[in-house]
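The values are calculated or read from the model by the stated rules, or taken from the named source; none is laboratory data. Keep in mind that what you see is a predicted model, and the values were worked out from it rather than measured. Here the Cβ positions follow ideal geometry from the backbone for every residue, glycine too, while neighbour counts run over all protein chains shown. SASA here: full protein model, heavy atoms, side chains in, ligands and nucleic acids out. Shrake-Rupley method; radii C 1.70, N 1.55, O 1.52, S 1.80 Å.
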Amino acid sequence: MANIFSGIKPSGDLTLGNYIGAITNFVKLQDEHNCYFCVVDLHAITVPQDRADLKKRTKDIAALYLACGIDPKKATVFIQSEVPAHTQLGWLLECNTYIGELNRMTQFKDKAQKNGTDGLTSGLYTYPVLMAADILLYDSNLVPVGDDQKQHVEIARDIAVRFNNKYGETFILPETYAHKVGARIMDLQDPTKKMSKSDNDKGCILLLDDPKIIHKKIMSAITDSESIVKFDKENKPGISNLLTIYSKITNLTIEELEGKFVNANYGEFKKALADELVTFITPIQNRFNEIRNSKELDDILDEGAMIANQYANRKVQKVMKKIGLIRK
Ligand code: TYM
């Protein structure tokens, strides 16, 4: 049995990309492993957040975890800021991370290149170290994430190796756990870009989108001029992305789907996908509405914070001892 940690930050509403890339693996792993699934609210504040929105989204994401099939009897579900050991370990690890390593993080580099570093916070810059703390705190063996987070799991591993060499065996070396197909769901309007909650509204499906909006977004997805439903990432990125989504929500293989739509035009294919998506998302939305404002959700998060605090506090004490931060 492995330890698993992963998180989603409430900087926007949950997307189909988050679901396919990350949550499907959370649900799969919870049956056999010791799982911690966190709403990483401290990561969201690396960029400005409206107070009320942040509060709302944090609970929305926790409720969506459950609505998507995470079972609190199998996995510990909690909010990052309710477990102070994350920031404690974050600082201890910052003092063991080099500026050069952070300079190589592509997410920060991309943001800095786009708009310069003026107005970017130091929290955004050191964010990968807090993420390393999240992971290492729970002795995580596997970290289920989408493609875009692989570099951050690698730096967590590098920090763990360095710490272990310096202070003796302390941290488990984590590994990324990602889908072969579906680790990067693309924007429906620009299939060369990752589907993202912070970008294009029309290109991104939200788990709480109205069925009519889902239909509209799928029907207006960018494709190509060929009208052949075939997976070809390089030459047909739009259709390949839609096929990936279709496959992930129905469990039909790409080949089965190519066969099923061999005589269909793009309009027919898109309509079938939109119908499947609505069929798949409606029960998630119904369950979300049942639990979002329930006492059940608060009870689950209270219990989750208690379990996570127990594990994390013990770990932080061990790490502090190794460093020499101990009076007796
Ligand atoms: P975040 O909140 O941006 O995304 C949450 C998860 O969703 C995946 N994801 C996608 N997968 C496939 N296609 C997409 N278009 C897509 N968009 C997002 C992400 O890869 C991620 O797995 N830094 C992290 C949050 C974090 C974390 C952690 C994750 C903080 N601490 C510790 C794992 C372990 C982030 O910003 O993810």
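Numerical summary
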| item | result |
| --- | --- |
| Ordering of 123-133, 228-238 by packing [mean C-beta count within 10 Å, highest first] | 123-133, 228-238 |
| Mean-position separation - Cα centroids, segment 279-319 and segment 1-57, in angstrom | 11 Å |
| Given charges at Cβ of Lys, Arg, Asp, Glu: segment 211-289 dipole, positive-most of 240, 286, 263 | 286 |
| Residue 207 long-range amide H proximity, modeled H, under 5 Å | 14, 15, 16 |
| Accessible area (Å², per residue) of the chain, counting only protein heavy atoms and a probe of 1.4 Å | 49 Å² |
| Rounded to the nearest 20 debye, dipole of segment 211-289 from Cβ charges on Lys, Arg, Asp, Glu | 440 debye |
| D (Stokes-Einstein, µm²/s), Kirkwood Cα radius, segment 92-222, 1.002 mPa s at 20 °C | 127 µm²/s |
| Where Rh is the Kirkwood radius over Cα pairs, Rg/Rh for the chain | 0.99 |
| Highest average packing first - 85-91, 5-11, 209-215, Cβ atoms within 10 Å | 5-11, 85-91, 209-215 |
| On Cα atoms only, tilt of 150-167 relative to the major axis of the chain in degrees | 20 degrees |
| Beta bridge orientation in the chain: antiparallel %, DSSP, nearest 5 | 15 percent |
| Nearby lysines by direct alpha-carbon distance to residue 150 (threshold 23 angstrom, same-chain neighbours under 8 apart not counted) | 9, 28, 109, 111, 114, 180, 193, 194, 197, 233, 248 |
| Long-range HN-HN contacts of residue 177 with modeled amide H, under 5 Å | 143, 145 |
| 12 Å reach of a label modelled at residue 287, 7 Å along Cα-to-Cβ, counting backbone N of segment 11-38 | 24, 27-28 |
| Under Karplus coefficients 6.51, -1.76 and 1.60, residue-wise ³J(HN,Hα) of segment 118-129 in Hz, glycine/proline x | 4, x, 8, 8, 5, x, 5, 5, 9, 3, x, 6 |
| Kirkwood hydrodynamic radius (C-alpha pairs) into Stokes-Einstein, segment 211-289, 4 °C and 1.567 mPa s, D in µm²/s | 100 µm²/s |
| Over segment 1-87, equivalent-ellipsoid semi-axes from the Cα gyration tensor in Å | 22, 15, 10 |
| Compactness of segment 106-150 as Cα Rg over 2.2 N^0.38 Å, two decimals | 1.38 |
| Segment 97-174-segment 197-237 distance, computed between alpha-carbon centres (Å) | 31 Å |
| Inter-probe distance in nm under a simple model that places probes 7 Å from Cα toward Cβ, at residue 265 and residue 219 | 1.4 nm |
| Alpha carbon convex hull of segment 187-328, projected area averaged over orientations, nm² | 13.4 nm² |
